[in-house]
Amino acid sequence: MKARALFAITITVTCSLVNPAAQAVVLPIAALTQSAFSTKPKIIKFAIRNDSKASVELKVGEQLVTLRSGQTINVSVPVGAQVIRTQAVENHPAGELVVTVGDFLGDATVVVNT
């Protein structure tokens, strides 16, 4: 009986010493469970335009794309995918990251120059 009372007093004292700001924290449970159990990644649609004088080869997500000079293509890729140069050109090495796809790219146009 004394052990239970001692345990209850210890818990009460510990809880009363916790910062009140920490007690008021509200966790976004819906957002956490949605991201944890979501099976469909968010797809972002945007365009890529080649403004250089030469054709450019890019890896968009998992697919290879070749853009002729002045060509614009529309792409749809999941958030977090990367657009990477696969060919070296005068100022840019092969493997250079052009952009990582995020919500900010929705309905935007990414312009590629040499």
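Check segment 106-114 and report whether any residue there is surrounded by 12 or more Cβ atoms within 10 Å (Cβ to Cβ), of a type in the set (Ser, Thr, Tyr) and under 26 Å from LYS42 (Cβ atoms). No, segment 106-114 contains no residue that is surrounded by 12 or more Cβ atoms within 10 Å (Cβ to Cβ), of a type in the set (Ser, Thr, Tyr) and under 26 Å from LYS42 (Cβ atoms). Residues in segment 89-107 that are assigned to a loop (DSSP other than H, G, I, E, B) and either within 16 Å of the chain's Cα centre (by Cα) or free of Cβ contacts under 8 Å to residues at least 40 places away in the same chain (or both): GLU90, ASN91, PRO93, ALA94, GLY95, GLU96, VAL101, GLY102, GLY106.
Listed here are the helices (runs of 4 or more DSSP H) enclosed by segment 1-58 that have at least 1 residues being aromatic (Phe, Trp, Tyr) and modelled with pLDDT of 70 or more: 2-17. Select from segment 44-92 the residues that are among the basic types (Lys, Arg) and surrounded by 14 or more Cβ atoms within 10 Å (Cβ to Cβ) and write down the one among them that is nearest to ALA108 (Cα to Cα). Looking at the filtered set, the residue picked out is ARG49.
The values are calculated or read from the model by the stated rules, or taken from the named source; none is laboratory data. The model shown is predicted, which means the values in this text are computed figures rather than measured ones. Glycine also receives a Cβ, built like all others from the backbone with ideal geometry; neighbour counts cover every protein chain displayed.
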